[in-house]
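Visitor: I'd like to ask some things about the structure below.
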Amino acid sequence: MSKVILFAPPRNSQGGVSNFIDSLEKYGKKIFFRKINPTSAYYMFLTFLSLLKSRPEIVVLNPSLQKRSLVRDYVLSILCRFLNIEYELIWHGWKNELIGIFPYSLLLKSIFKNARCNWVLNSAIKYELRRISDCNINMFRTKSDFSNQKKSLNPKSLLFSSRLVKEKGCLEALTILKNLPSDFHINVCGDGPELENLKMFVKINNLEKRVVFNGHLDPDEYQAILKKSDILLFPSTHPEGMPNVILEAIDCGLIIFSTDFAANLDLFSENKNQLYVVKIENYVNQVTDILINNFPIKNSLSPKSKYGIDKVWEKFYNQFHE
């Protein structure tokens, strides 16, 4: 088994990437040695010294979709090649506009071409990578930590779970609640810069008794919320990879109303009774109408998790074991 160093966000920080890496690290603790992504030239130098001392067989990078982060991971890939260390990339999302911007397009091609493997979360990202470079690509999915729960036949409990930023659709979720009868309520899980604006929206629309802001939760606290929720609202316009929150909601038996990003197109065929994909421009009106007039009560839960971390880890283990 190879010794693997995994560069990632700080432990227990917010966001799907950190949540996924937290679980992956715990499951693969016998081989993973986790390090925080370097944030400056000084920390990059310390990272170089650390790699020089530890000499791992494989380094795993988690590129984000920001230009500065792309430069950081390009430098890390150069360090790996200089030290004759193989590296792999886990792409959690994608932005097509980076392909056409110089010099980022060149950095992307260099990172792809020289990677031992590129891990991608959906077929659309795989297609885009294939257009840029004939590189080694493996598809995988993020994970669910939670088991199935039997749900109500008269669902009124909504859930929104994400960072509270505009592109995740938090305001759209509350707008839907405002349009629904008063016996509907919602749990909002997560934190972010839009929190105060959302609280003001709730106050203006007299929704205080129907909205609970839970903040950022640990896994046990979040599982308790999932158990009592019936419907997940996920009106994201963010360039999503394969959101943990959707896989966890599927495994816990929730009905999901999401937007039409690429990962949902991959998931739809095997989860038709739970996952409903709606275009963002029609999301608020269409979901509101379905919940009031035409809610599809279906229950087709699997006896066990479809997306457990054990299934994700098996693919990584086999790859690192080669």
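The values are calculated or read from the model by the stated rules, or taken from the named source; none is laboratory data. No experiment lies behind these values; they were computed from the predicted model shown. In this analysis, Cβ positions are derived from the backbone assuming ideal geometry, glycine residues included, and neighbour counts consider all displayed protein chains.
Visitor: Take the residues of the range 177-206 that are of a type in the set (S, T, N, Q) and out of contact with any strand residue (DSSP E or B) (no Cβ under 7 Å at 6 or more places or on another chain): which is farthest from Ser157 (Cα to Cα)? Steps first, please.
Guide: Of all residues in the range 177-206, those of a type in the set (S, T, N, Q) come to 179, 182, 187, 197, 205-206.
Then keep just the ones that are out of contact with any strand residue (DSSP E or B) (no Cβ under 7 Å at 6 or more places or on another chain); that gives 179, 182, 197, 205-206.
Numbers: Asn179: 14, Ser182: 11, Asn197: 22, Asn205: 19, Asn206: 18 Å.
Checking each candidate, the answer is Asn197.
Visitor: Cβ contacts < 6 Å: first residue touching a residue at least 40 places away in the same chain (Cβ under 8 Å) and more than 14 Å from Leu108 (Cβ to Cβ), restricted to the range 67-96; second residue part of a helix (DSSP H, G or I) and of a type outside the set (D, E, K, R), any location; separation 6+ or different chain. Result?
Guide: Going by the 6 Å Cβ cut-off, the qualifying pairs are His92/Val17.
Visitor: Tell me the strands (runs of 3 or more DSSP E) entirely within the range 1-81 that contain at least 3 residues that are of a type outside the set (Gly, Ala, Ser) and at pLDDT 85 or above.
Guide: Working: elements: 4-8, 32-36, 58-61.
Qualifying strands (runs of 3 or more DSSP E): 4-8, 58-61.
Visitor: If you check every pair at least six apart or on different chains, which have Cβ atoms under 7 Å apart with a residue in the range 34-51 that is under 21 Å from Ser13 (Cβ atoms) first and a residue that is surrounded by 13 or more Cβ atoms within 10 Å (Cβ to Cβ) and hydrophobic (A, V, I, L, M, F, W, C) second?
Guide: Arg34/Leu6; Arg34/Ala8; Lys35/Ile5; Lys35/Phe7; Asn37/Phe7; Asn37/Ala8; Pro38/Met44; Met44/Val75
Visitor: Keeping to the range 157-183, report how many residues are in a helix (DSSP H, G or I), surrounded by 15 or more Cβ atoms within 10 Å (Cβ to Cβ) and not polar (S, T, N, Q).
Guide: Of the residues in that region, 9 qualify.
Visitor: Also, quick follow-up: Given the structure, is Lys304 at pLDDT below 85, in contact with a Lys or Arg (Cβ under 9 Å, 6 or more places away or on another chain) and basic (Lys, Arg)? Walk me through how you get there before you give the answer.
Guide: Values: at pLDDT below 85: yes; in contact with a Lys or Arg (Cβ under 9 Å, 6 or more places away or on another chain): no; basic (Lys, Arg): yes.
Spelling it out, it is not the case that Lys304 is at pLDDT below 85, in contact with a Lys or Arg (Cβ under 9 Å, 6 or more places away or on another chain) and basic (Lys, Arg).
Visitor: Residue by residue through the range 203-243, note down the ones that are over 15 Å from the mean Cα position of the chain (by Cα), closer than 20 Å to Leu180 by Cβ and assigned to a loop (DSSP other than H, G, I, E, B).
Guide: If the condition is that a residue be over 15 Å from the mean Cα position of the chain (by Cα), closer than 20 Å to Leu180 by Cβ and assigned to a loop (DSSP other than H, G, I, E, B), then Asn205, Asn206, Leu207, Glu208, Lys209, Arg210, Lys228, Ser229, Asp230 are the ones that fit.
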